[in-house]
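This report refers to the structure that appears directly beneath it.
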Amino acid sequence: MQPVQRPLSPHLQIYKLPLTALMSITHRITGVSLAIGTLLIAAFFIASASGEAHYNFVMSLATSAIGQIILFLWSAALYFHMCNGIRHMFFDTGKLLDKKKAMRSNYYVIAGAIILTAVTWILAR
Amino acid sequence: MSKDNDLYVAPLKKAKGLGSAHTGTHHWMMQKITALAQIPLVIWLIWSIISLQGVSYVEFSAWLGQPINAILMIILVCSVMLHAKLGTQVVVEDYITNEPLKMAKLICHKILFFAMGVAIIFSILKISFGG
């Protein structure tokens, strides 16, 4: 029997993701990254509990150039995930789900994440 | 709820909020409760990290020795570990199609995040109580 010729849904490789879809996958990517980051938090606390020398060593890593870059990306990922997570709570109540509002709230989330990251690093100086 | 929103409400929602597995709501609830708790806690954490920049081990221990800081930190760690476990669980369920591998990964996640939580809480208490 011939299969019915139905239109195929667009494949990811040839489909230009709209911003809402990019936000969605970024939420996952930041979430998984933050989950992996908890290993570093565990390493920090275990090192600190092992004594002053270990604490000083971890602190020297955190204040190094690479450490600061990781902390910067970490904060940006955290704020993005937080802002988009707050938006998800609106989604859960049925709000912001039409095309226009979903699109506009994309920009609120991006702006929120950028502002919070900037404020954090200005305060940290 | 407005007329517009009724478009998104599946009949299943009327079934006492329970899906066919009868447990989905709990997963969702815990994900949201931990997320809500983490909003103020994460802001507190980042503010603390900023004010603790470059402090010595003695100063850090003294800070963590204050009950309010140790308690908030432990609550945050519990919340984060549960949130991370629930979140990565969904990612594994969505993308891993090999059943034995999926099951192995899910079990590893449960153990990993639980063990990390225990390790961090023990470390916090040890530092807090003075090494």
- Message: facing another protein chain (nearest Cβ under 9 Å), in contact (Cβ under 8 Å) with a residue 40 or more places away in the chain and over 21 Å from B:Phe122 (Cα atoms): which single residue out of A:Leu19, A:Leu34 fits that description?
- Response: A:Leu34
- For the stretch B:85-97, state whether one or more residues are without any contact (Cβ under 8 Å) to a residue 60 or more places away in the chain and not in a helix (DSSP H, G or I). yes
- Are any residues in the stretch A:52-70 surrounded by fewer than 18 Cβ atoms within 10 Å (Cβ to Cβ), more than 8 Å from chain B (Cβ to nearest Cβ) and in a helix (DSSP H, G or I), and if so, which ones? A:Ala53, A:His54, A:Phe57, A:Ser60, A:Leu61, A:Ala62, A:Ala65, A:Ile66, A:Gly67, A:Gln68, A:Ile69, A:Ile70
- Among the candidates A:Ala77, A:Ala49, residue that is more than 11 Å from every other protein chain (Cβ to nearest Cβ), under 23 Å from B:Ser79 (Cα atoms) and in contact with a Gly (Cβ under 9 Å, 6 or more places away or on another chain): A:Ala77
- Within the stretch A:100-125, the residues that are surrounded by fewer than 17 Cβ atoms within 10 Å (Cβ to Cβ) and β-branched (Val, Ile, Thr) are A:Ile110, A:Ile114, A:Ile115, A:Val119, A:Ile122
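Laboratory data are not the source of any read-out in this text; all were calculated from the coordinates shown. These numbers were taken from a predicted model, which means no experiment stands behind them. Please note: Cβ atoms are built from the backbone with ideal geometry, for glycine as well, and neighbour counts cover all protein chains shown.
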